[in-house]
1. Quick one: work out Rg over Rh on the C-alpha atoms of the protein assembly as shown, Rh as Kirkwood radius.
2. Take the Cα radius of gyration of chain A and divide it by 2.2 N^0.38 Å, with N its residue count; two decimals is plenty.
3. Please give the average number of partner chain Cβ atoms lying within 10 Å of the Cβ of each residue in B:52-64, rounded to a whole number.
4. Counting Lys and Arg as +1 and Asp and Glu as -1, each charge on the Cβ, what is the dipole of chain A about the Cα centre in debye, to the nearest 20?
5. Report the label-to-label distance for residue B:34 and residue B:149 in nanometres (one decimal), using points 7 Å from each Cα along the Cα→Cβ vector.
6. What is the percent carbon and sulfur in the accessible area of chain A, measuring with a 1.4 Å probe over the protein chains and ignoring ligands?
7. Rounded to the nearest Å, what's the spacing between the alpha carbon centres of segment A:137-177 and segment B:29-91? Just the number, please.
8. How much accessible surface area, in Å² rounded to 10, belongs to the heavy atoms of residue A:83 with a 1.4 Å probe?
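The values are calculated or read from the model by the stated rules, or taken from the named source; none is laboratory data. It should be emphasised that the depicted structure is a prediction, and the values quoted were computed from it without experimental measurement. Glycine gets a Cβ as well: all are built from the backbone with ideal geometry, and neighbour counts include every protein chain shown. We work out accessible area using only protein heavy atoms, side chains counted, and drop any ligands, DNA or RNA first. Shrake-Rupley method; radii C 1.70, N 1.55, O 1.52, S 1.80 Å.
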Number of protein chains: 2
Amino acid sequence: MARLERIGSETRFEGRIVTVREDRFRYPDGSTAEREIVVHPGAVAVVVHDDLHIWLVRQPREPVSEPALLELPAGKLDVEGESPLEAMKRELVEEIGKEADEWRELKRIYTSPGFAQEQVWIYVATGLRDVEHEPDPDERIEIVPWPLHDLDAAIAECTDSKTLIGLLLFARERADG
Amino acid sequence: MARLERIGSETRFEGRIVTVREDRFRYPDGSTAEREIVVHPGAVAVVVHDDLHIWLVRQPREPVSEPALLELPAGKLDVEGESPLEAMKRELVEEIGKEADEWRELKRIYTSPGFAQEQVWIYVATGLRDVEHEPDPDERIEIVPWPLHDLDAAIAECTDSKTLIGLLLFARERADG
């Protein structure tokens, strides 16, 4: 399939996390259009588990009008030169104080490709050990060890897209296996 | 759980689709922080199927550097006074020329609650009939009837969060039923 081509780009807003651009595109049929695009550095998330539990977190999410959301441990790709996997390993220590021996990529998603560039790399990690960590007080994260036999209840409660996708794909693998 | 409270809000950018605000919050422990928030009107998507097929679409998504993405029929909540279900019924006609007799809500998700308000209502619709429609040439949508017995292949190809969640939840219901 012929790709669409970006033929112009104007930065409209630069914030601390997002940038908004007005880009002009040429489509394979020769037509052109302008689109408003939210540029975001991308993110990582992980299904981290042992034989009995998966480690989830609850944290306040300021943009949404609900109490703390149930989510996978996750973080933004905001350190220059760091790969997604390196970022996730760092975040796993910072958020829940664990390192993992076995890592694999589960899925790479776009959270909202109609208006935002944000991509999320979702991993599975196991082979866990505890490590020293000092929780970032600014993150207000509650660690939630969730029984693996009750993934359905986590899926029912969860409303965060990356977390739902990680839990649903992981639950499907376990059902197939 | 005590909710966090918004104690200040400043609009930093108003675009055609998104607004960016800098909001100040007070947390249950009394501390305060500022957060950059992308305001978005929200969206709807639908798993629309008969006994043999699910109707998906492929369309170019300008923010992401990939060819046309495989997605559920979907749309933004951009008509004043229209409910999410009404919006989805209108979009289903506009995008693929179908009406459906049976509708139910499958899940309501936040695509990226760390920085964006966007919420997506995901429905399941069946009992289909064709209706007259004039495709919007600006949307460049290809209609893809996908065999229901091969949902796994759609899930493997798909990278769009709302679509993955709709397909995974729908596939799980079919496996359980």
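1. Dividing the radius of gyration by the Kirkwood radius yields 0.96.
2. 1.17
3. Whole-number average of other-chain Cβ neighbours for B:52-64 is 5.
4. Its charge dipole is roughly 820 debye.
5. The modelled label-to-label distance comes out at 6.0 nm.
6. Taking all protein chains in place, chain A shows 44 percent carbon and sulfur surface.
7. 22 Å
8. 40 Å²
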